[in-house]
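Quick one: structure below, then a few questions.
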Amino acid sequence: MITEVFAVNQLKKEAPVFGQLSFDDHEQVVFCQDKDTGLKAIIGVHNTILGPALGGTRMYDYATEWDALNDVLRLSRGMTYKAAITGLNLGGGKAVIIGDPKKIKTPELMRRFGKFVHTLGGKYYTAEDVGMETSDMDTVREVTPYVTGISEAKGGAGNPSPVTAYGVFMGMKAATKFAYGNDSLDGKRILVQGIGHVGEELVRLTSEEGAKVVISDINEERLAAVSAKYGVKVYRGDDLYAEPADIYAPCALGATINDDTINKLKVKVIAGAANNQLANENIHGELLQKKEIVYAPDFLINAGGIINVFAEIEGYGRDQIVAKTENIYDTTLDILNKAKATSMTTNASAISIAEDRIAARKKEK
Ligand code: NAD
């Protein structure tokens, strides 16, 4: 399943690295190794024009080092656009540590990683991602200030997932307004795929508004718990993508909108939290446009998490976090309208707005 994720904008070994879509003008890529702790990490700094590159560290047992490189490059590129479109003065970066967190993660390894982050002198700020816990960020904080997502007890902003879910909810309502003429989710049938940290909170928000929520997950225990807690239905068919509904909310994996699924989808709106939902952002963006499915760009509507960690750097309070997250509604509507007016895909439209903001700042410098 996870290999699908790496198929997004896949870096090709045989071709030159510079100029490929995933590499896409990265400013700096740092390979970090420490034999004593077993650390092998790659830090991708994609763009720092708007501010320091910020993006989480993912620890994963990649099948090959190429997969790890590909993952960090495409994720750091996505962070640049996410920060730019959200109006944050941050650049895009990301880090990966190669290995199974259950087997190799130790405080020594995390501190060694933190020291590598420190050598970048604040050009890159790290945070939590897959395979990481808030406590790991606290360990990194022991050796560098260039880390966010530390525990509230240590002065951090805490768990970003509820804020991410709230931003997805805002983006979903805006896309619903665009598709149906009003933004009410009351009575809308919503397929939520993945009911983890973000998905569960999205289930709460949408079901409280009267949506008919159907949940799907590979974790049976979570399905039973979330279904009982919110009174929502569990999907029991064998092809979620073919299920008639109003809205599909991918909140588990990337690349679920691909050659196979796109022909089956019967929804009018796609709005979810997963990163890199389009297996190929150009091809699948255009196919969705042809099918007249309204796609709320993932990097725009899942930006609540980065707003939350940005707040940690800027010392924002809860009110400012909520206001910036609610702004996702207006930005989403603007982008959907602009895409319609220019016949661009919604994804391309969002990227072009993000790129314009970066270009304008570059001119000022
Ligand atoms: P999570 O790990 O808490 O939850 C993911 C859920 O998806 C789990 O319940 C898992 O069992 C389920 N899942 C895995 N494979 C599945 C499949 N094939 N079908 C159905 N369910 C499946 O992750 P999360 O923090 O809730 O994040 C969800 C998505 O949103 C991820 O793609 C993440 O990168 C993205 N995202 C999260 C945040 C955040 O603040 N947590 C911010 C931005 C983007």
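Derivation of every value follows stated rules applied to the coordinates shown; laboratory data play no part. These numbers come from a predicted model, not from an experiment. Cβ: placed from backbone, ideal geometry, glycine included. Neighbour counts: every protein chain shown.
Can you give the FRET efficiency to the nearest 0.05 for ILE218 and SER135, using r as the Cβ-Cβ distance and R₀ = 45 Å?
0.95
What number, in percent, do you get for the relative contact order of region 15-173 if the mean sequence gap of Cα pairs under 8 Å and at least 6 apart is divided by its residue count?
Relative contact order for region 15-173 comes out at 21 percent.
From the square roots a ≥ b ≥ c of the eigenvalues of the alpha-carbon gyration tensor of region 161-357, which class results: rounded (a/c under 1.5), prolate (a/b over b/c), or oblate?
oblate
Let me ask something else. Would you kindly derive the ³J(HN,Hα) couplings of region 35-46 from the backbone phi angles with the Karplus curve 6.51 cos²θ - 1.76 cosθ + 1.60 (θ = phi - 60°), listing them in order in whole Hz, with x for Gly and Pro?
5, 4, 9, x, 6, 9, 9, 10, 10, x, 10, 7
Using modelled amide H (1.01 Å from N, peptide plane; none on Pro or chain starts), what sits under 5 Å from the amide H of VAL234, excluding residues fewer than 5 places away?
Amide H neighbours of VAL234: ILE215.
So, counting K/R as plus one and D/E as minus one, what does the shell of residues with Cβ under 13 Å around LYS212 add up to?
Spelling it out: positives minus negatives among the neighbours equals -2.
Here is a follow-up. With a cut-off of 8 Å between alpha carbons and a minimum separation of six or more residues, what is the relative contact order of region 161-357 in percent?
It rounds to 25 percent for region 161-357.
Same structure, new question: With both partners inside the chain, how many of the DSSP beta bridges are antiparallel, as a percent to the nearest 5? Don't skip to the end; give the middle numbers.
Details: 13 of 39 bridges.
For the chain, the DSSP antiparallel bridge percentage is about 35.
Go ahead and run the numbers for FRET between GLU142 and TYR230, Cβ-Cβ distance against an R0 of 41 Å, rounding to 0.05.
After rounding, the FRET efficiency stands at 0.55.
Whose amide H sits under 5 Å from the amide H of ASP24, counting only residues 5 or more places off or on another chain, with H placed in the peptide plane?
HN-HN under 5 Å from ASP24: GLY19.
Fewest to most neighbouring Cβ within 10 Å: what's the order for PHE18, PHE299?
Lowest count first: PHE18, PHE299.
Under a crude label model (7 Å from the Cα following the beta-carbon direction), how far is LYS102 from ASP334 in nanometres?
Here the modelled spin labels are 4.5 nm apart.
Now a separate question. Long-range amide H contacts for LEU54: which residues qualify at under 5 Å (H placed 1.01 Å from N, peptide plane, sequence gap of 5 or more or a different chain)?
It is GLY91, GLY92, GLY93, TYR125, by chain and number.
I've got another one for you. Please give the FRET efficiency for ALA341 paired with ILE283, using the beta carbon to beta carbon distance and R0 = 30 Å, rounded to the nearest 0.05.
0.85
Give me the net charge for the shell around LEU191: Cβ to Cβ below 11 angstrom, other residues only, Lys and Arg +1, Asp and Glu -1.
+3
Test of understanding: ordering VAL143, VAL269, VAL72 by Cβ neighbours within 10 Å, fewest first, what list do you get? Please report the intermediate quantities before stating the final value.
Details: VAL143 17, VAL269 25, VAL72 29.
Fewest-to-most ranking of VAL143, VAL269, VAL72: VAL143, VAL269, VAL72.
Go through region 211-225 residue by residue and turn each phi into a ³J(HN,Hα) via Karplus (6.51, -1.76, 1.60, θ = phi - 60°); whole Hz please, and just put x for glycine and proline.
6, 8, 8, 10, 10, 9, 7, 8, 9, 4, 5, 5, 4, 5, 5
Could you derive backbone 3J(HN,Hα) for region 194-210 from the dihedral phi with the Karplus parameters 6.51, -1.76 and 1.60 (θ = phi - 60°), listing whole Hz in sequence and x where the residue is Gly or Pro?
Whole-Hz 3J(HN,Hα) from phi for region 194-210: x, 10, x, 4, 7, x, 4, 5, 5, 4, 4, 5, 6, 6, 5, 8, x.
Of LYS324/LYS362; LYS338/LYS362; LYS102/LYS229; LYS94/LYS115; LYS233/LYS290, which pairs sit farther than 27 Å apart, going by alpha carbon to alpha carbon? Intermediate results must be reported in sequence, preceding the final value.
Numbers: LYS324/LYS362 24 Å; LYS338/LYS362 23 Å; LYS102/LYS229 30 Å; LYS94/LYS115 16 Å; LYS233/LYS290 31 Å.
In this structure, LYS102/LYS229; LYS233/LYS290 lie more than 27 Å apart at Cα.
With each pseudo-label sitting 7 Å past Cα toward Cβ, what's the ALA360-ASP34 distance in nm, one decimal?
So the two model labels end up 4.2 nm from each other.
Between region 118-158 and region 263-295, how many Å separate their Cα centres?
Here the two parts' Cα centres lie 34 Å apart.
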